[in-house]
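Shown next, in structure tokens, is the structure this report addresses.
Computed from the coordinates by the stated procedures, all read-outs in this text should not be read as laboratory data. Since the structure is predicted, the reported quantities are computational estimates derived from the model, not experimental observations.
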Amino acid sequence: MTVPPSYPPPYGEQPQGPYGPQGPYGQPAQGPYPPPPPMPYPAPPPGYPAPPPAQTNWWAIVSLIFGLLGGVLISVVCGIVGLNKAKQGQGGRGLAIAGLVLSGLWVLVAIAAVAIYLTVGKGTVTATDVKVGDCLKEIPSSTRVLTVDTVGCDQSHAGEVFAVLTMPDGDYPGQPAIEQYQNKCEPELSSYAPDAITDDSVQLYVLYPTAETWKQGDRAVTCIATLDPARTGSLKG
């Protein structure tokens, strides 16, 4: 029997064995089982945790609180320290700035109030708070007044306080006792401004306690020289 000669397989082909065709590198190209699944890639490492938020420094908080309340000095000091702390990484920069801004507004309000006070005059005060040397912008239309308008005596004014007599404590003495104190005003004017006694343009006006104000502690009999026409300058010259 003649055996046919064997020829090598064509270039690139692998001889078939008893287990079917072979894949590259000796691996079976096809078998009874599916190829194993690919190996899973390892999970990526967890990311770095986010940095905690910057903690608000209490200097900035105190600056804002006192800025709202009008504590200008404390607010400014704490605001400056709070800004420095914010530059170092702490929170609260906006609070510190707000405190400084509010403090600045308080300063502006105070300056405006002083300017108005100096421009317009001393302002309205309680009638029992006037003192010797105060000048009144206008003379009240009644002796029962709660407030009076005072101005600097270098401005035009219609009256000047020259004496404040204090009555003794006790029960309300009644009108006769108060009139006795009123009679002491004229001698007081002679001591305060002697030339005013002979000046016909100067008259007397008296503020005195009533039964109602007596209960509130009013004991002052206020002697006022009225000026008609109004004038500038004190009666004392």
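How high is the relative contact order of the stretch 70-120? Use alpha-carbon pairs under 8 Å, at least six apart in sequence, and give a whole percent.
Working: 30 pairs, mean separation 20.9, N = 51.
It comes to 41 percent, rounded to a whole number.
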* Across 10 Å bins from the origin, how do the percents of Cα pairs in the stretch 95-237 run, short distances first? -> 11, 35, 27, 14, 8, 4, 1
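So what is the orientation-averaged projected area of the stretch 70-120, using the convex hull of its C-alpha atoms, in nm²? Mind dumping the intermediate values first?
Details: hull surface 13.5 nm².
That works out to 3.4 nm², a quarter of the Cα hull's surface.
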